[in-house]
1. Sort 170-176, 93-99, 65-71 by packing, meaning the average of other beta carbons within 10 Å per residue, with the highest value first.
2. Ratio of Rg to Rh for the chain, alpha carbon only, Kirkwood?
3. Counting other C-beta atoms within 10 Å, which of 110, 8 has the fewest, and how do the rest follow?
4. Bin by bin, in steps of 5 Å, what percent of the Cα pairs in the stretch 94-213 do you find, going until the bin that has the longest distance?
5. Contour minus end-to-end for residue 56 and residue 69, with contour as 0.36 nm per residue of separation and end-to-end as the Cα-Cα distance?
6. Can you give the FRET efficiency for residue 171 and residue 41, using 1/(1 + (r/R0)^6), R0 = 22 Å, r = Cβ-Cβ distance, to the nearest 0.05?
Amino acid sequence: MESLTRHTDYGAKGLNEIDINQNPMAQFATWLHEAEQAEIFEPNAMVISTVDADGQPTSRTVLLKGLDDTGFEFVTNYESRKGKSLRANPSVALLFPWYALKRQVMIVGTAVATDAATSDAYFARRPQGAQLAAWASDQSEPIARREILDERMAALEAQYPEGTHVPRPEKWGSFRVVPSSIEFWQGRSKRFHDRLRFTALDDGTWKLERLQP
Ligand SMILES: Cc1cc2nc3c(=O)[nH]c(=O)nc-3n(C[C@H](O)[C@H](O)[C@H](O)COP(=O)(O)O)c2cc1C
Ligand code: PXP
C-alpha cells in the first residue's frame, strides 16, 4: 500500500496573524466559500465527535446546515446514538477535513437543540423523500432486513402522495454548536504547518494564539 509510506508535500501557502479575519466565524465563512469554489465533494461535511454517558467517544459525518455568529447548525435524529450522547454530554468536537485544500478546521464547543420553529423551517425545505426517510428511520437502531425499511417507506409514500405536506417528526431536528475554540490549520512544506486558534473569552471577544505544528 503505497499511500502508507508516501510523504506528500502540503505546499508553501501560509496562514498568518495579519491576514486572518479577527472574527473566526467570518474567517470560517471565507474558508467554506473557498472550499465550495474548489468544488470539493460536500464542502459543508463535518465530522462531529460526541462522548456518551459511559465516556465512550464516537465520531460521524454530518452536514453543516446553518452558520452565523452564534454557531454551527446541523440536523439529525434526536433519538440516534449521537442524539442520546448529546443529551448526556453536550460537549462536542467538529472537524472540517478539507484535504484537497491542505486545510482543516477544528472546533470545540457545546451542542444545544434549537427551538422547534428552527427545526420546522429547515424540515419544510427538505425534498419530500428525505422528509419521509426521517419518519421511516429510527436512526442508529438495528433492523433485521433492508426490506422492512423499504416497506415502511412505501407505506409513507402512499400516506403522503407527492406534493402533500409532511410534518416534522418530533424525534428529528437541529442542533447548534456554540464554539469555545476554533482552530484554522493550513498545511505547509516539511510538516511545518500553520495553526491559529481562537478561544472565546467571557467578554464575548476572541483570543488568538499560534500553536506549534
Ligand atoms: C457526507 C455525509 C453526510 C451526512 N450527513 C448527515 C446529517 O447531516 N445528519 C445525520 O443525522 N446523519 C448524516 N450522515 C450519516 C451519519 O454519518 C451517521 O451515520 C448517522 O447520523 C448516525 O450516526 P449515530 O449513529 O452516531 O447517531 C451523513 C453521512 C455522510 C457520509
Ligand atoms: C441521515 C441524514 N440526515 C440528514 C442529512 C442532512 O440533511 P439534508 O438531507 O436536508 O441535506 C443527511 C445528509 O447526508 C443524512 O444522510
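The numbers here are math on the coordinates, done by the rules we state, and not lab data. Small disclaimer: the values here were computed from a predicted structure and weren't measured. Neighbour counts are summed over all protein chains in view; Cβ atoms, including those assigned to glycine, are modelled from backbone coordinates with ideal geometry.
1. Working: 170-176: 19.9, 93-99: 18.1, 65-71: 14.1.
Ranked by mean Cβ neighbours within 10 Å, highest first: 170-176, 93-99, 65-71.
2. 1.02
3. Neighbour counts put them in this order, fewest first: 8, 110.
4. P(r) for the stretch 94-213, in whole percents per bin: 2, 9, 13, 13, 11, 11, 11, 11, 9, 6, 4, 1.
5. 1.6 nm
6. The value I calculate is 0.15.
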